[in-house]
Amino acid sequence: MDFSAQQIATFVQGEIVGDANATVNTFAKIEEGKPGCITFLANPKYAHYIYDTEASIVLVNRDFVPEKPIKATLIKVDNAYETLAKLMMLYEQSKTQDKGIASTAVIAESAQVGKDVFIGAYVVIDEGAVIGDNTSIYPHTYVGKNVRIGDSSIIYSGVNIYHDCQIGNHVILHSGVVIGADGFGFAPTPEGYNKIPQIGNVIIEDNVEIGANTCVDRATMGSTIIHKGVKLDNLIQVAHNVVVGANTVMAAQVGIAGSAKLGEWCVIAGQVGISGHLNIGNHVTLGPKTGILSSIQDGKTLIGSLPAEGKAWFRQQALVKKLPDMYRELNALRKELDELKKDKTN
Amino acid sequence: MDFSAQQIATFVQGEIVGDANATVNTFAKIEEGKPGCITFLANPKYAHYIYDTEASIVLVNRDFVPEKPIKATLIKVDNAYETLAKLMMLYEQSKTQDKGIASTAVIAESAQVGKDVFIGAYVVIDEGAVIGDNTSIYPHTYVGKNVRIGDSSIIYSGVNIYHDCQIGNHVILHSGVVIGADGFGFAPTPEGYNKIPQIGNVIIEDNVEIGANTCVDRATMGSTIIHKGVKLDNLIQVAHNVVVGANTVMAAQVGIAGSAKLGEWCVIAGQVGISGHLNIGNHVTLGPKTGILSSIQDGKTLIGSLPAEGKAWFRQQALVKKLPDMYRELNALRKELDELKKDKTN
Amino acid sequence: MDFSAQQIATFVQGEIVGDANATVNTFAKIEEGKPGCITFLANPKYAHYIYDTEASIVLVNRDFVPEKPIKATLIKVDNAYETLAKLMMLYEQSKTQDKGIASTAVIAESAQVGKDVFIGAYVVIDEGAVIGDNTSIYPHTYVGKNVRIGDSSIIYSGVNIYHDCQIGNHVILHSGVVIGADGFGFAPTPEGYNKIPQIGNVIIEDNVEIGANTCVDRATMGSTIIHKGVKLDNLIQVAHNVVVGANTVMAAQVGIAGSAKLGEWCVIAGQVGISGHLNIGNHVTLGPKTGILSSIQDGKTLIGSLPAEGKAWFRQQALVKKLPDMYRELNALRKELDELKKDKTN
């Protein structure tokens, strides 16, 4: 579907500079622009690309003043980046939605399925499960017994949801996500480990998105809880009885051990590990690969395998690099000092 | 299904304090207790919760003496925690087991399936595979050619088992587990890497449990072996030709590189990495995120990205924090010493 | 299928020492050799195994001179290891290939499927997808709308490929791989994070192999690109808009953050993390668990959570172990110096 610069400018209340009839049908980064693409310029660092881009239309901020002629049609708006994101969202929403229930989906008689759903080929929905309105479930996903999924959620292909777990509204689960596998609980005996039954569940609140192949284990008792608005990237481990506060985001490959409680609006970078039974406050930021062995108060920013607050960590790390020099200097000092003392006693 | 305090006390040989007719139908932590729940108090740290808990029954140790009146019915037993675990196991066992073979399961003619199995919707069992008695296989799992699975094992939904692998008795594989994918073996040439065929298999012995999305690669030649009683958490990587000794446990996101051999009864914390071709002894404990670059003798406890034995590591880490002070002090020393020497020579 | 020493020696242009009629039907490591196995000796470290091995045939280099009698038949060749790899490849190729399309595969009418393919039970191929000649797709794999897969590729069971992604020729994707899930892009607002649509795709070029449960996210705009010959191990995260150069290899559990560009022929060890928007040159080697926070020039070798070049890192790490001694020495120095100064002023 093609859109003209004129149509877009009207929609975003922008001002056209150039050919109002230029048309586009997709999006591109400014450095990868091709004819038929719309792109944007927000960061001045990328400004030099605008003079050569082959994109047909470029969204720019109203204060942008070109230094040379530009081939593309410009549309000036208040905030080029936000406008682009808005157009991308519209583009996504304009796609035809999959609807209907595939003939090969196996839906237990005691399961309930809402209105206007999409249920793809070979989906299995087990006894007592409830699926809300407008929810989409892609091929090969398994929805266990008595699972509840809310309205307008998207469950991609190959997701596995164990019995009794609850998924809210407007939730997105990507392929390979496993919700509600047994927590890792064993009691040692002289002959080996005995399994401690994991009879709790997982509760995922509204507006949560969970990335591909991420695992959220069921609670031993009670619930592992992912509060509303949380965004988890791919390949993350959330152990049993963990609670993740609202609007906390985690990058890929983070691991949260059992019964840890995270606050709201935390930002956890990739490959971070958090030990069990800790309390992490609200608005905590953890840098990449940080390993957390003790609880953290609200608002702290930590980084490193031995975490320190922001600046302190960078200073420490700089000094680790100087350690060989320090060590050499220290030995020299000791030697000179000993000579000084010897002179003195002579 | 409801149970009365009287029934439970009789079963666990406990002594009732309070209403013998109180009934429960599920379990809870003491701080989350609700009417109809049974809970337990073992750790004195949590004792203050018992006076306010809404749980109907609390298991306590025989020596527990309340300081205030308690609303809940108490059952005094020798070991409150162990008794609870026993009751949870009974509760799990009392659930109706899935049995039978779904009409949509595809079982090759040359495959053999034992008695009293459960094989769920859309399971695929390929040629020559053998499934033991009482084993359950949940929807969408793929069992490759000539795979052997023993008795009383549980394979959850969406598991993939490549050809020729062997799974023992009483094994549990959680959703998304991949057993027997090719080991990572390539021979460099000037034009690119040539694949080295991975013609071995994976052997998983009895009583092993493997967490969601964990991968155990097939051997180049011979077998990758997970010995009996091993417990692996989620998202773990076990590379080709690794051997994991009996009753070793690993927390989530651990990575074991090719041909490493781990002993028995090791405890490996989350996100640990072990390099290839190492020998890790028996009863070795590795702290979270530890990176292991050389072999380890029996009984050692190591932690850290540059691993050191327990106490030494904590001391080193404390000093890393003091490095900026050390560096400042060192420079001061040098300066004062130089002045001292100058004075002396004048 | 059995082969005699005579047949193998003729094929590999080797020289037989011992029984030319010895037969083998599989491969083994020299220390695990059994009758009927062929094995090899390349590394002199393993030479002592050759005198006791039960293997029927051992490939050795032409210059190998035994110190004691050997029971096995030897075949002398120019390069024992390369010859074995060649034989293993032949062995793999001699296996019967699965062919045909399972009756339970769901292939959309608008999808195109090439010649001589294998499409297993319950595979779902969505609208507009194109599958090349000689490609194999194992059970439960989902191929999204408009996905293109080239010729002679192998997609194992339980793989999920999102819409519009492109897979080249001679590509291998192992079970649980997720290609084209949404990149992790959100815009913060006071009420929570808004999703930034991810409308790009993933392009995987020829001769790429991707390990079990690895995730490659689709680009926000444009493409996440895995260039030809790249080999990715299991449980790796490749974020949106990443570009991985030709013939780069990555061990398990590596994480590459968004928009990072990696060069050709890099070697990335296990559990490495690379931050977003960095440029990693060609022929870069990164040691296990290394965390990369800034761009790297061609040809560098780095290791450590605070990466340093090879030798420097090992020196630093050795000194971290000596930190307690340094600290004690430093305090002693200060004390002695202060006394010296006091003496002087008296």
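Here are some notes:
- For the stretch C:264-307, Kirkwood radius (reciprocal of mean inverse C-alpha pair distance, Å): 10.0 Å
- Whichever lysines have a C-alpha closer than 18 Å to that of C:K341, once near sequence neighbours (fewer than 8 apart) are set aside: A:K335, A:K341, A:K342, A:K344, B:K335, B:K341, B:K342, B:K344
- D_trans [Stokes-Einstein, Kirkwood Rh over alpha-carbon pairs] for the protein assembly as shown, 10 °C, 1.306 mPa s, µm² s⁻¹: 51 µm²/s
- Of the DSSP H helices in chain A, those whose Cα atoms cover at least 18 Å axially and whose Kyte score averages -0.5 or more: A:80-94
- Only lysines eight or more places from C:K145 in sequence, or on another chain, were considered; those with a Cα closer than 25 Å are A:K29, A:K34, A:K86, A:K95, A:K99, A:K115, C:K99, C:K115, C:K195, C:K228.
- Alpha carbon Rg of the stretch A:82-209, scaled by the compact-globule rule 2.2 N^0.38 Å: 1.24
- Pairwise FRET efficiency - B:K322 versus B:T26, Cβ, R0 = 60 Å, nearest 0.05: 0.75
- Top of C:A318, C:A260, C:A212 by mean-square fluctuation, Gaussian network on chain C, Cα under 10 Å: C:A318
- Unit charges at the beta carbon, dipole of the protein assembly as shown: most positive-side option, B:I179, A:S295, A:I226: A:S295
- The amide H of B:G33, built 1.01 Å from its N in the peptide plane, has B:E54, B:A55 as neighbours under 5 Å, considering only residues 5 or more places off or on other chains.
- Ratio of Rg to Rh for the stretch B:117-176: 0.90 [Cα atoms; Kirkwood radius as inverse mean 1/r over pairs].
- Chain C - share of DSSP beta bridges that are antiparallel (%, nearest 5): 15 percent
- Top of B:T104, B:T224, B:T214 by mean-square fluctuation, Gaussian network on chain B, Cα under 10 Å: B:T104
- Dividing the summed -39500 (n - 2.57) terms of all DSSP H runs of n ≥ 4 by the residue count of chain A sets its mean residue ellipticity at 222 nm at -6000 deg cm²/dmol.
- The simple spin-label model puts a point 7 Å past each Cα toward its Cβ; for C:F186 and C:M89 those points are separated by 4.7 nm.
- Cα gyration tensor, the stretch A:1-77 - rounded (a/c under 1.5), prolate or oblate: oblate
- Violating pairs (Cα-Cα greater than 30 angstrom) within the set A:K45/C:K311; B:K321/C:K261; B:K231/C:K300; A:K45/C:K261: A:K45/C:K311; B:K321/C:K261; B:K231/C:K300
- Note on chain C: Cα-only Rg and Dmax are 27.7, 102 Å.
- Two-site label geometry, C:D19 and B:K300: point separation in nm, points 7 Å out along Cα→Cβ: 4.4 nm
- Cα radius of gyration and Dmax for the stretch C:140-238 (Å): 13.9, 50
- Distances in nm from B:H277 to the matching label points in the other copies, shortest first (labels 7 Å along Cα to Cβ): 4.1, 4.1
- Around A:N282: net Lys/Arg minus Asp/Glu count, Cβ-Cβ under 15 Å: +1
- Using a 7 Å Cα-to-Cβ projection, B:L340 label spacings across copies, nm, ascending: 0.3, 0.3
- For B:D133, label point 7 Å along C-beta direction: distances to other copies, nm: 5.3, 5.3
Computed from the coordinates by the stated procedures, all read-outs in this text should not be read as laboratory data. Since we're looking at a predicted model, the values are computed, not measured. Cβ coordinates were reconstructed from backbone atoms using ideal geometry, including for glycine residues, and neighbour counts include every protein chain displayed.
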